Each structure stands twice: as C-alpha cells, then as structure tokens.
Amino acid sequence: MLLIECPWCGPREEPEFHYGGQAHVARPADPAALSDAEWAEYVFMRDNTKGPFAERWCHSAGCRRWFNVLRDTVSHRVLAVYRMGEAPPEGPR
Amino acid sequence: MDTPLEMGPGGPGGRWENPVFALELDMAAASGPLVALSAAPPRAAINLRATEGLLPEIERTYGVRPPTVPNTWTASADGARLALWLGPDEWLLAAPDGAASGVEAAIRDARANDGWLGVCDVSHNYTTLVLRGPRARLVLSKGCALDLHPRGPLQSGTCAQTTMARTRVLLRITEEADTIELWVRNSFARYMAAWLLDAMAGIAHEPRDF
Amino acid sequence: MSDDRTQDCRLPEGGLIDRSRRIRFRFNGAWMDGHPGDTLASALLANGVHLVGRSMKYHRPRGIMAAGAEDPGGLVQRGLHDEPARTDPDWRATQTALVDGLEAYTVGAWPSLDRDAGAVLGLASRVMGAGFYYKIMHGSRWMWEHVHEPLIRKAAGFGVCPDQPDPDVYDHRHVHCEVLVVGGGPAGLAAAGAAARSGARVILAEQDERLGGSLLGRRRAIDGQGGVDWAAAMEARLRASPDVRLLPRTTVFGYHDNNYLVALERVTDHLGLGPAPPGRPRQRLWHIRAKRVVLATGAHERPLVFGDNDRPGIMLAGAAQTYLHRWAVLPGRDVVLFTTNDRAYEAALDLHAAGARIHAIVDSREAPGAALPAAARAAGIRVMTGYVVGGTSGVRHVTGASVMKLGADGRASPHALDTLPCDLLLVSGGLSPVVHLFSQSGGKLRYDDGRAAFVPDRSVQALANAGACNGTFDLAGCLAEGAAAGAEATRLAGSDPGAPRTAFSVDEPAAAAIKPLWRVRPALVQDHAWGQPFVDFQNDTTAHDIRQAVREGFESVEHVKRYTLTGFGTDQGKTANINAIGIQAEALGRPIPEVGTTTFRPPYTPVTFAAMAGRDRGERLDPARLTAIHDRHVALGAAFEDVGQWKRPWYYPRPGETMHQAVARECRAAREAVGVLDASTLGKIDIQGPDAAEFLNRVYTNAWSKLEVGRVRYGVMCREDGMVFDDGTTARIDDTRYLMTTTTGNAAAVLDHLEEYLQTEWPDLRVRLTSVTEQWATVSIAGPKAGSLMARLASGQDLSPAAFAFMSWRPATVAGLNARVFRISFTGELQYEINVPWHQGGALWDAVMRAGTGLGVTPYGTETMHVLRAEKGFIIVGQETDGTQTPIDLGMDWIVSKKKPDFIGKRSFTRSDTARADRRHLVGLLPKDKRQVFPEGSQIVETGATRGTKPVPMLGYVSSAYWSPALDSGFALALVAGGRGRFGDTVAVALPSGEQPAVICDPVMLDKEGARRDGHAA
C-alpha cells in the first residue's frame, strides 16, 4: 500500500486516493479534426512504463484535488509530487 | 394540510431527526471516563468555495478568517463560528443551528464584483459524532490510518478528511486534544456509531495508548 | 486419568521454565505434563514424544525438527472437540504456548497418527512425483472428479476448519513510528536499545513470547553477563523508555510498499483456547507505518538432504541446543551429528555435557575448522571428516544412521557403510538468513559464496538489515551491527540517538567457513535404493522431484517451485528453499547465482481470516447506508435490496403476500391511485459558477444554454469512448447555479469524473461542485391521485399540473417544511419529487402517509419502480447499459446535440465501430406466451437457430424483464442487433427449456402519447 504525499494534506494512505492514469495526456482541443486512429490513440492508448512514470492521482477522500505523481513502477517509490499544470521535475520520465 | 410538527429532541418526527437517535442509549451506556461517544447537537454548515483573495471579504461578513494552512480550523472569538479547511479553495463553515441561510446570503451579498465563489448550505449533509476522553485517539486508531499520536500532526486546532473503518470522515480536533469530532455523511452515521461502539468495548483493558 | 507419560527427557535442572507449577495437557488424547514456559513442542519432547505428524502427500511419520517458526512438520489442531468454534488447524507445536487443559491433535493423519491409512501412499511415491497434481488435472476429467480429488482431499488436508462463526474479538490498530525493529534477538535488542530514549517512537516486535532470540538457546556471555540475563536487562531498559513499544508474541508477517508493515499480535492466544478474558481480543493486527525499519529476523538452520532424512528423531542441531538450554529437554541420548560446518559442533558438545552419548560427528568436509573440532575430540567424541550420512533406519523414530565415505568425485560410497545406532540424529547444513520480509519489501538478494547463503543486496525501501538475517552470524557482529543500524535508523528518521556503543565483549568459539552440501549424491545410479531424500518436508518434495522437473525441461526457479510445490504453503520454504535451489543448480550445471531465488510472499506465518477481518464482520462487514426514512421502511415490513452500499426498500409485502403479489399491488396503486417512493439515494451535486451552463454543455450530450431558471432537463453523460456513463435530471436553481442528480450507485464516480475534467482539462472554467446527496431527503409521489395528495400537503399553493409545468421545479412549503418540489416523472405518471432537509425526511414521509389516507397511498419499492419505468421504456444505467452502449444504441438520438461543437464522447460517435448499423439497439420484447417473464440475461437468437450450426449466432440479450399488471403480460427490454429495424419480428429467447418465441417492439409500451404524466389518464 503506497503512502502518497498529497501536495496539500501531506502523506496519506493509498486508499484515500483515486488513480487517474498517465499524466500529461491533454484532451485534444479539436477532436473533430482527428482521424479515427488519432482519436483512438487519445482515448485508449497509454504508456506502460517500467521505471519512473508520471501519473495523476486525486485525493478523493481528502481535499479532492487532482495532482501529479512521479512514481517508479518497479520499486513503487514515489519520486515526486507536483500540482496540476506544473511540469514534471527534471530527469527521466 | 399543514401539520404542525413536534419539536422532539432528535427523535422520530422531530424537526431535526438524528440518524443515531436509536443508538443514543447504547452510546451513553458505553461511555465512561476513558472514552465517551455522543452525537453533537444540530449545527449549521456551509460549504464555501472561494479564492484566497476573497478571504478578507469572508472574514468581514462571517467573522472568521478561513485558514489557508491545510488541515486546520479557525474560530470566532466566542468559538461559535468555525471555518475548517477542506481544500486549497474549499472550507466548511460551521455556525449555530439555523444560521445557514443568513450566512449564505451575507456571503453572497458581500461578494466582490470581480470575484466569484460557491456557497452551499450543507447543514443537513452531516451527522457529527463526538468522541472524547483520554482513550479517544486509541479508539480512532483502530480504524483510522492517520498518525493519531498525541505528539503527532493532529493537534488541537487541526482537522483532516480521511477514512475511518470503511467510510470517509472529517475529523476535527477541538480546543481539547482529547475531544474529537467525526463528521460523517448522514447515511453512514449509524454504521459509524455502531463501529465505534464495538471498538470502545474493552478499551479499559488496552495496555497503553501510544 | 493416569499419567500416560512422565517428563523422562527433562533434565533435573536448568531451562527457562517454572518448575514450581505443572501444566496438564492432552496430545492425541493422551495426558501429559509440562511447565509454564514450555511450548507444546518442548513439552512433547520432554515427554519423549517425537512423532507428531504425518506428511502431506506420503503420510510419512514426521517429528519436530526445529524449535521455532521454521519447523515444517509439527502442525497441530487445537481444541477440535473442546472448542469447535475456536479450533484452528494451523498451529505450530513450536509456537504454541503450553496451557492447562490444552487439547492438541495431529493434523493430516487418518484415521490415527500411529495407524495411518494414507501411509500406503508412501509406497506410491514414485507415481506421485513432481508435477503429480498438474498431470492428473490434465488427465481424464472423470478420474479427477471421481477418484483423484476425493482421495486427495481426504488425505492431504492440514486439518479441520471450524464450522461455526468465530466467537472472539479481533482488533486492529494503526500506528506510526520512527523506527520499527523486527526481531527481538541480540541484533534487534541492540538496535532498539540504540534507538530508545532518542525521542523517536520505537516499536520492537518479536514473534516469541520472550525476548532474546538465539541467546535463549545458547550458552553465551555478553560483557561478562549471561546472554539470558543480558536480554532481560535490555528488555527492562526498553520497557522503561516511554517511546518504546514492545510487542512480544507479535509476528511481522507482511512488508509492503513505503514501509507499511503488518503484524499479528497473539494477545490472549497463549492463555488457552477458551473465551478470551472479557473485553480482550484474541489477536490484534497492527498496521505499522515506519519511517525506518531495522530487520533483525535472524537465521534458520537448514537440514541436509539424504535418504530418509525425515524420520522423527532427526533434528536441526541448533534446535536441539535450544531445547536443551531453554527448556532443559534432552531430545535424545544416543546422538549422531551430521554437519557441514563448525558451528553445529557446539550442539554436540552441549548435549555431551548434558549427559548424551555422542556416537560420532559426521562432517562432510575433509578439513573442518580448528577450535570446535578440537574441543570435540578433547571431549572424546569421534569426529569423522569427509563422511556423510547417506540413509537412516527406523519407522516411527530414527534408530540408526548409515555413514558413508565421500569420494573425490563428490559421491558417497555405500561400500564404506557403517551404521551408527542413534535415537537423535542432528543435522546442520549451515545457516540461511531469514530474508522473507526483506524479499517482500522488494529487496533483491545476492548469493554469497563464503556464507553459502542468499543475503540481502539492493533494497528499495527505507530499511537496514542487522545480524544473522544480514549474513552476520557471529554474536559480537550481530550486536555491533544491530546497535549501528538502530542508531543510523534513528538519525535518518530525524532524531539524535547519541553515539551508539558498538563494541561488545562476547565469548563465542570461532567457527570456520562452511562448505555447502546441497544433497548427498549416491555413487549408485539407483537413487531410490537409499530412500527418499526430502527437501521440503511440509510439501513432501524430494531431491528426485527437483531433478525430475529439470529433466522435464523446467529451468526457471519460479517454475520449478510451482511444479514441485517447493516453498509453498504455510512453511513458505523456510528450511527448504536454499537446498532446492542448490539441487536445481547442480542439475542444471549452473552456478547458484544464475539460478536465483524465488520471491517470498506474505504471510511469513499463517494468519487467520478473522484477524484480517478484525471488527469488519457481520453488520460491520460493509457500511449499510441508510436514508432518513429507513426506520419507517423497517416498520412497514419492507424487504430491502442492496444498491451499492445503500439499503433500499425492494417491496413492502403485506402479511401472506408473495413478492410477486406485493409488486403487482404496488404497481396498480401507482398506476391507479398514488404510490410513494423513498428516492433519497439519488446522487445530488450542487453546481455553481458563471460557467456552469458551459460546463454542463461539455459533460452532457444535450444542450443546456437555454434552460431557464426553474426548469429541469434530463441529461445523459458519456465517457470519451462515447459509451453511456450516467444519466439524471439537472435543475437550474438560479442564474449561475444548478442541481444535478446522478444514479444511486454512481454518485461518487460522477463527482470524481466532473472534478477531474474541471481540475485537469478545464481549469479556466469558473465552476464549483459540492456533493449535497445527503443534504436532501426525497419522497416521490406518483399516480393519478398524486395531484390530490400534493394539494393536501401544500395547501394554499397551486402545484397542479396546469399551474406547475412538467420538467420544472419550485420552492414550496410542504407539510410545513421548506421544500423543493420537482415535477419530473420516472413512472410515466403525474409525479412530484419532494425534497426537504435530510433530517426532516422522516417527518415528510409521515406527513405524506397521513395526508394520503383515503387516496390509496401505497409505499412502493425499487422492484415496482423498475416495472413502472420499464413499461415506459426508461433505461436504468447499469441495467440497460454495461459500458458498451452509446445513447444512439439506446434510441436516444434526440438527446445527442448535433449543434454543439464538442462534448465528452462526441467524437467517438462517428468512429467506424460506433457508427455501425448492426449495433445492438434497445428494444421492447413481448413474449408470445404472456405468462412468461424471461430471466434477465437470457440470450436472444433467430428462431430455430439453436438447432442449427454451433456456435449459435447471438442477436442480443434480455436486459430487464418483469410482469406488468398494466399490460397483463410479461415483458422485457432487450438489446438486439439492428433491433430498431425489426419491430414486429419474432425472435427466440434461448432458455434451458428450449426456444421461447417473442416479438420485438418499441420499448415504450404504455401511454406513448404521455397523457398520464399530466394526470389525464385512468
């Protein structure tokens, strides 16, 4: 069970959070302009990274804020947390 | 057919029917000097969504400056009005019973022209249980994963939204560090009270708190 | 009752037992004596009982081999007859505290331990080799069901499960600390000692009831103080430290991410199996979050693999030493020691000093170390170097060891056979660090040639290893490493431990390096002639099985483990794994590091389900969410349905009524008079802000810009894939404020979904959301007399259909309460949904029931609600949808805006697959035989298709089916391929009884023109 550092509430247990998948996948500004394949890429396809992975979490049982987590998918170590709209910290993604 | 309603003290048919009314005798029987469980009396509650720039405005109308330090609460001088931090732009204002519509209207009216906010009466959304006594934190630690150590982060003046047993809860550590309010959604109130009653049984035999 | 046994094997003095008190206990029905401080295992050995169990597969007699958690065989069942609700089949004799009246039985022996019918399986061992279970499961199904499975179930079980609910309390505690020390042996005590009094919160967990670990089973001195006394003094010091929590009898059995560890404390188990003292739990599960962890879990001695190495009386050398020193038990008088290392010599010397006759020390090495072998020789003990034990004799107890010369080729020669008589054969294959928790934590292991063991290597968590679990086997090293690790952990956790003391003066004989021997390799090709060389004593895996697995092509250590069952079960390979890996490496002709090791998994030792459940049992298993009106429903005799966590009235049977009759009565009341429904469970979200309408435009498929204040609109919400996610009505409260309702089960998911878009995709939108689900209690009244009832409830206010338009809302005073009344309809009838503050919901319900007297007011439940809405073709998300339906599939094109440039899911409607003409459409389905109500989920096929080629092409399925009193017929909603183009077609519903004909029709079956919703029908 992860201990996730909410940017506002501090370290909390994983069950307080809701997982939101890969971070930094922006919703296309004009979906109508996309081909079926491009749209499917956005809707269905995500990276399956071994190592540091930027993902979104929501502190749903706490402050209800969405934020980003850089987590090592091998060690499950939380390497960094940062707010929505912020760029991931320097280093491998 | 406007039926005048009885004004019972939380019992069936009353103006403020308490969801844990059926457990009040059990709660009284299970309470003692080490730990006591009760339901708090009715209270107005307003959910406030605002930007930090609006807080002086809120303080002027409501009498309490909502805190910007996460997981803390502030109070008016007389302690009757509270503001609990829920999120970076969200607070829970707690005021005496019946004050909700007045507070809501005042805040709306005071809204600066350039600002906007969300203000919503949630007085009836919650049931507040109160756990007090030297072993209150120990009882909580049976179902809550936060660090409840008396020297830990949950000091008097703090609050925290978290999970307790199998439901969500808003904890408020009151002026007294051993008196803790549990705000739960009404539908979970009876479950939460029953769970706490079970956890309180045998508390006198616990070897040590923390 | 006469004394069947006396404590023949108890020495007259010594041991950490209370000889002033006698404890009476029963083992397999025979009464025996022991003393406080004994375990069941030590008491049995004191009484000369070695045979304690039968092995799982071959039912071979097995004895006590170890003195702690690593004992693979001594599983007993406590309280089988005395406490049928508390009996537990998984007690290790070595970890069971002796109490008065203890009743223990051997598990897995049938009909009895001495005459075991299953032992005949031992003869069949050659056909039950590696992969036995896999092979028979892939064989004849008939054989499996009728022969193999019943036989295996009878023979292989580890005991009897209780057949009654557990009557005891199991507690949970969450606790945080700066330093958690796992293990109370010398390294753990030194670590906790260094961390104590620094202000840091320290937890020391030890599975034994007594702290001291290996010090309790050896004769050692630390700084001139006896090891036992040193441990006691350290314990006293820790107890006096206010921030140290000592948890004896507590097994840390799981090490999870981010230093979350789970421990089981046996709070009152050691007091016996009867009821726990009032108010006290039997066990307590500790959830520990530690800033730093020090693992000081020690080492397990490993057995040696040779023919018939499993007979009772064959014991790990260190275990015998522990029984001698801690419990003053001499487990045998005629002793042979078989070893690969110096350390075990000490056991022989200690037993010799205690009066046992050591017939020989058989050492597989040509050149053992200096000090201990010299001491043995000086004591007159025969030391045979370059020899091995190749086989044993005896049936229920070992009687002799066959000693053989180890040749230059590493094979044992039977020609040099010399049988030594013995009743105790000590074995020692060296020490294996207990790396289970480290491995669970994600740490990687490294094979260390010098120690011939896997030791911790890379760690991914905030932890340190100290002492024997780290491969540091000497006492001085354990103490120094423990103290340093404890101090460092404290410092890293943010407290100042001061300068730790890391130099300890210890008297311990020097020990030379081990030379590993993974198995005794016979010179003959015919391995089996020497008897079974067991590797995993709990799972009956032999060296042959592992070699066979390799011969059959298995190379991965994980595959061999699963194929041979090595390291499975409650034992988790404590003694078996390393020998198995060594044998596999040899068979593969590869070095051990290339073979690697398996991953250890929690729990380290067994944990009961009751302990894991804790207080979340019975009514507390899951929260029951109750509405404000719940007690009224109970008083009315409602049957309840679980909708998510909510308890909703399902139907209200009157005395003597069946469910069918009750639902039919409720349906008629709502269609002919007035029905009352508690609709409080619908999710409600308050939406505020200048951009609220724009937000609704983006999340719903239809348009919201023109909805006026006071009006209500129905909306469907999709995900980006275009599939229906939720539906409900949303009302405009004022210029910038809306109230959205969601389905009951989806309330939290919808709020999450909306917040996600607001916070992550459209942070520029000025919109705020607040859940107000439980701010409001909702009573819905529906039926032709709903108008009359509303008039009675809200006197002086005109809420008639003429004055109060459909799909609008208004504030009103209802029964003296401040209410919001919505004119919406999910039944097709004239319907009002009255919302009042939650705490007044009960009062509103009472008022509605009183005011409805004379109007035929009838409470109805969710079943009737489903019938009424289905008759009108209204969908229920989750019933008519399963995440693969677009609004268009559901015939709701009218709700999909063509004008809005974008909304969630819009782009997906034109994907080639979503736009297919032959997608399944929502249709109505009327059975030709009106009496029929199809089971929900029934498959729909073309008429006659079930008699055609297989597989039968599926047209669709029944999503909802009910009896309709209004139609006087069964009816259904269904999803059928291209169904909207097939109204009037007859298809078949495939039931076990055969095809049942049904006609596809419009899903709206009642009041198509919608007159009833304004109260104009009937």
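Exactly one residue out of A:Arg56, A:Arg65, A:Arg12 is more than 10 Å from chain C (Cβ to nearest Cβ) and surrounded by 20 or more Cβ atoms within 10 Å (Cβ to Cβ), and it is A:Arg12.
Counting only strands (runs of 3 or more DSSP E) that fall entirely inside region C:947-1018 and contain at least 2 residues that are within 40 Å of the chain's Cα centre (by Cα), the qualifying elements are C:956-964, C:969-977, C:986-991. Does B:Pro56 satisfy being more than 19 Å from B:Leu182 (Cβ to Cβ) and at pLDDT 95 or above? No. Report, by residue number, each residue of region C:6-24 that is out of contact with any Asp or Glu (no Cβ under 8 Å at 6 or more places or on another chain) and not in a loop (DSSP other than H, G, I, E, B). Residue satisfying the conditions is C:Arg10 alone. The residue that is nearest to the chain's Cα centre (by Cα), counting only those in region C:892-902 that are within 19 Å of C:Arg980 (Cα to Cα) and without any contact (Cβ under 8 Å) to a residue 12 or more places away in the chain, is C:Asp893.
The requirement of being within 14 Å of another protein chain (Cβ to nearest Cβ), free of Cβ contacts under 8 Å to residues at least 40 places away in the same chain and not hydroxyl-bearing (Ser, Thr, Tyr) is satisfied by C:Arg458.
How many residues does region C:782-811 contain that are within 14 Å of chain B (Cβ to nearest Cβ) and not hydroxyl-bearing (Ser, Thr, Tyr)?
The initial filter retains those residues of region C:782-811 that are within 14 Å of chain B (Cβ to nearest Cβ), namely C:788-797, C:799, C:811.
Next cut, not hydroxyl-bearing (Ser, Thr, Tyr) only: C:789-794, C:796-797, C:799, C:811.
Going through region C:782-811 one residue at a time, the tally reaches 10.
Of the candidates C:Asp846, C:Asp889, the single residue that is within 30 Å of C:Arg671 (Cα to Cα), assigned by TED's automatic domain parsing to the domain that holds C:Arg792 and either without any contact (Cβ under 8 Å) to a residue 60 or more places away in the chain or over 42 Å from the mean Cα position of the chain (by Cα) (or both) is C:Asp846.
For (1) facing another protein chain (nearest Cβ under 9 Å); (2) part of a strand (DSSP E or B), each residue gets a yes or a no:
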{"residue": "B:Leu55", "(1), (2)": "no, no"}
{"residue": "B:Thr61", "(1), (2)": "no, no"}
{"residue": "B:Val64", "(1), (2)": "no, no"}
{"residue": "B:Asp78", "(1), (2)": "no, no"}
{"residue": "B:Ala94", "(1), (2)": "no, yes"}
{"residue": "B:Glu104", "(1), (2)": "no, no"}
{"residue": "B:Asp109", "(1), (2)": "no, no"}
{"residue": "B:Cys120", "(1), (2)": "yes, yes"}
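For B:Gly157, work out the one condition from (1) of a type in the set (Gly, Ala, Ser); (2) away from chain C (no Cβ under 14 Å); (3) in contact with a helix residue (DSSP H, G or I) (Cβ under 8 Å, 6 or more places away or on another chain) it doesn't fulfil. Single failed check for B:Gly157: (3). Of the candidates C:Arg289, C:Arg239, C:Arg245, the single residue that is closer than 23 Å to C:Ala200 by Cα, without any contact (Cβ under 8 Å) to a residue 12 or more places away in the chain, within 14 Å of chain B (Cβ to nearest Cβ) and charged (D, E, K, R) is C:Arg239.
Residues in region C:735-773 that are crowded, with 20+ Cβ neighbours inside 10 Å, outside any strand (DSSP E or B), aliphatic (A, V, I, L, M) and within 13 Å of chain B (Cβ to nearest Cβ): C:Ala747, C:Leu751, C:Leu758, C:Val767, C:Val772. The residues on offer are B:Thr163, B:Thr179, and the sole one that is surrounded by fewer than 22 Cβ atoms within 10 Å (Cβ to Cβ), at the interface with another protein chain (Cβ under 9 Å from one of its Cβ atoms) and touching a helix residue (DSSP H, G or I) at 6+ places or on another chain (Cβ under 8 Å) is B:Thr163.
From the list C:Gly272, C:Gly227, C:Gly212, C:Gly188, the lone residue that is out of contact with any His (no Cβ under 7 Å at 6 or more places or on another chain), crowded, with 20+ Cβ neighbours inside 10 Å, in contact (Cβ under 8 Å) with a residue 12 or more places away in the chain and closer than 23 Å to B:Gly202 by Cα is C:Gly272. Against the definition (outside the structural domain of C:Leu271 (by TED's automatic domain parsing) and more than 28 Å from the chain's Cα centre (by Cα)), how does C:Arg86 come out, yes or no? Judged against the criteria, C:Arg86 is not a match. Remark: A:Arg56 falls outside the filter, which requires a residue to be in a loop (DSSP other than H, G, I, E, B), under 30 Å from C:Ala290 (Cβ atoms) and not hydrophobic (A, V, I, L, M, F, W, C). Across region C:876-887, the number of residues qualifying as buried (at least 18 other Cβ atoms within 10 Å of the Cβ) and touching a Gly at 6+ places or on another chain (Cβ under 9 Å) comes to 3. Of the residues contained in region C:61-71, none is found to be part of a loop (DSSP other than H, G, I, E, B), among the acidic types (Asp, Glu) and surrounded by fewer than 22 Cβ atoms within 10 Å (Cβ to Cβ). Evaluate region C:960-968: report whether one residue or more is surrounded by 14 or more Cβ atoms within 10 Å (Cβ to Cβ), touching an Asp or Glu at 6+ places or on another chain (Cβ under 8 Å), free of Cβ contacts under 8 Å to residues at least 40 places away in the same chain and more than 30 Å from A:Val43 (Cα to Cα). Within region C:960-968, one or more residues are surrounded by 14 or more Cβ atoms within 10 Å (Cβ to Cβ), touching an Asp or Glu at 6+ places or on another chain (Cβ under 8 Å), free of Cβ contacts under 8 Å to residues at least 40 places away in the same chain and more than 30 Å from A:Val43 (Cα to Cα).
Results for (1) touching a helix residue (DSSP H, G or I) at 6+ places or on another chain (Cβ under 7 Å); (2) modelled with pLDDT under 95, shown as yes or no for each residue.
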position: C:Leu789; (1), (2): yes, no
position: C:Gly796; (1), (2): no, yes
position: C:Ser800; (1), (2): yes, no
position: C:Val848; (1), (2): yes, no
position: C:Val867; (1), (2): yes, no
position: C:Phe874; (1), (2): no, no
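Residues in region B:182-209 that are more than 9 Å from chain C (Cβ to nearest Cβ) and not in a loop (DSSP other than H, G, I, E, B): 7 in all.
The lone criterion from (1) under 25 Å from C:Leu1006 (Cα atoms); (2) modelled with pLDDT under 95 left unmet by C:Gly937 is number (2). Residues in region C:53-112 that are among the β-branched types (Val, Ile, Thr) and within 25 Å of C:Pro36 (Cβ to Cβ): C:Ile64, C:Val76, C:Thr87, C:Thr94, C:Thr96, C:Val99, C:Thr106.
Within region C:580-603, the set of residues being surrounded by 18 or more Cβ atoms within 10 Å (Cβ to Cβ) and either farther than 18 Å from C:Ser439 by Cα or in the same structural domain as C:Tyr260 (by TED's automatic domain parsing) (or both) comprises C:Gly582, C:Ile583, C:Gln584, C:Ala585, C:Glu586, C:Ala587.
Say whether the condition of being crowded, with 23+ Cβ neighbours inside 10 Å, small (Gly, Ala, Ser) and farther than 24 Å from C:Val389 by Cβ is met by at least one residue in region C:495-508. Within region C:495-508, not a single residue is crowded, with 23+ Cβ neighbours inside 10 Å, small (Gly, Ala, Ser) and farther than 24 Å from C:Val389 by Cβ.
Identify the residue in region A:15-32 that is part of a strand (DSSP E or B) and more than 9 Å from chain C (Cβ to nearest Cβ) and, among all such residues, is nearest to B:Asp147 (Cα to Cα).
Filtering region A:15-32 for residues part of a strand (DSSP E or B) gives A:18-22.
With more than 9 Å from chain C (Cβ to nearest Cβ) added as a condition, the list becomes A:19, A:21-22.
Details: A:Tyr19: 23, A:Gly21: 28, A:Gln22: 30 Å.
The extreme case among them is A:Tyr19.
Filtered by the rule that a residue be surrounded by 22 or more Cβ atoms within 10 Å (Cβ to Cβ) and within 13 Å of chain C (Cβ to nearest Cβ), region B:123-143 gives B:Ser123, B:His124, B:Asn125, B:Tyr126, B:Thr127, B:Arg137, B:Val139, B:Leu140, B:Ser141, B:Lys142, B:Gly143.
The values are calculated or read from the model by the stated rules, or taken from the named source; none is laboratory data. The structure displayed is predicted, hence computed values, not measured ones. A quick note on method: Cβ atoms are made from the backbone with ideal geometry, for glycine too, and the neighbour counts reach across all protein chains shown.
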